[in-house]
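The values are calculated or read from the model by the stated rules, or taken from the named source; none is laboratory data. Since we're looking at a predicted model, the values are computed, not measured. Glycine gets a Cβ as well: all are built from the backbone with ideal geometry, and neighbour counts include every protein chain shown.
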């Protein structure tokens, strides 16, 4: 370094940057940029000319391991993917497709109706890819709006802000799914960040949504009673039985106990796992044939006290906590479990209950209107705050093979009433309603704020 002239040592870095930029102005790079720009404009014009019903879908959930909302979205998209009268445009973290975008955690559905929307950023253009990607990221809201989709589907309460111009400028009808009202009924069980986001964005979404989907009649009634949206705009559409129906049968994983009961869900306050643990402790004092308890699900939030109880149960040898398990493992655990315990304080649907019924696993669930709506007479119920009655219901199942056999036989028949095919078809019907309502309003047929 000391042998280099002073001007090279001081001006060298700036010189290299300028030289790099000048090299990008070569005719080949300029021509590549123009070709890229023309291709983007053509793709945009083709999307705008689409005659099928076009629905913009927020698919950010695919960049994390799929849990409740993610699986719901995946199943709906999967069962609409083969339609030829629909265009589902998927806008995800790779909308600006540049090196360094995080990989998908789960594959996107494929089919004639599916169109992932991406803006590729090659590295051979006259503009540095980093600068171009930053510009395009700032333009994301306008790029989505420019596609002129007829519907924006927000599968997780409210759409990200980048979708707002598509509704406000592009005239798309907004359809949002409100999965539950835990943030109103049990706000202390919800994370502070989630509460803040819902408080800031959900009221506006509910005011502007052409249609609102709930996963159950129970949540629809709650929303209507609270005056959160006009009743005519809210539609209850049940989920299907989960993502496990197509998983091949297999024995439980090698780490599973020989006999076990099962809980499935995120370990957070609303799931009320403490009641299940207290019931187990009470039963252990009275009987020696009690199966082990397997808790499947991620560790959630506000769970410090629960963690201590879980560690104690594991030390005593009757509790197993594998965390998040694969679909294959979960399906095998459902089929091999003596029973499913589901002691939630509140639910919007209760998918693990339906999954257990479909697998022929007896269920003891919290005595909540929504869980009775989902499970009907195919389950036993106990109040969520009464560990003694939970212990009694679990004991009945363990002591009465005839009762357990009836529930095992009845569960799959009952669960067969809930299908993703029906759910997806009802989503599509609602998308069409929303699009027609917005088109009619733009012609003066319906006034903003009218309940139709």
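Which of the numbered conditions does residue 138 fail, given that it passes all the others? Conditions: (1) touching a helix residue (DSSP H, G or I) at 6+ places or on another chain (Cβ under 8 Å); (2) over 30 Å from residue 351 (Cα atoms); (3) without any contact (Cβ under 8 Å) to a residue 40 or more places away in the chain.
The failed condition is (1).
Can you name every residue in the stretch 109-126 that is surrounded by fewer than 17 Cβ atoms within 10 Å (Cβ to Cβ) and more than 15 Å from residue 43 (Cα to Cα)?
Across the stretch 109-126, the qualifying residues are 110, 111, 112, 122, 123, 124.
Across the stretch 326-366, which residue is surrounded by the fewest Cβ atoms within 10 Å (Cβ to Cβ) among those that are in contact with a helix residue (DSSP H, G or I) (Cβ under 9 Å, 6 or more places away or on another chain) and without any contact (Cβ under 8 Å) to a residue 40 or more places away in the chain?
Only one residue tops the list, namely 364.
Among 83, 75, which is crowded, with 16+ Cβ neighbours inside 10 Å, touching a helix residue (DSSP H, G or I) at 6+ places or on another chain (Cβ under 8 Å) and either part of a helix (DSSP H, G or I) or without any contact (Cβ under 8 Å) to a residue 60 or more places away in the chain (or both)?
Details: 83 fails: either part of a helix (DSSP H, G or I) or without any contact (Cβ under 8 Å) to a residue 60 or more places away in the chain (or both).
Going through 83, 75 in turn, just one is crowded, with 16+ Cβ neighbours inside 10 Å, touching a helix residue (DSSP H, G or I) at 6+ places or on another chain (Cβ under 8 Å) and either part of a helix (DSSP H, G or I) or without any contact (Cβ under 8 Å) to a residue 60 or more places away in the chain (or both): 75.
State whether the residues of the stretch 93-100 include one that is surrounded by fewer than 19 Cβ atoms within 10 Å (Cβ to Cβ) and either assigned to a helix (DSSP H, G or I) or modelled with pLDDT of 95 or more (or both).
No, there is no match, as no residue in the stretch 93-100 is surrounded by fewer than 19 Cβ atoms within 10 Å (Cβ to Cβ) and either assigned to a helix (DSSP H, G or I) or modelled with pLDDT of 95 or more (or both).
Could you run through the stretch 102-129 and say how many residues are over 27 Å from residue 76 (Cα atoms) and in a loop (DSSP other than H, G, I, E, B)?
Counting residues in the stretch 102-129 that are over 27 Å from residue 76 (Cα atoms) and in a loop (DSSP other than H, G, I, E, B) gives 8.
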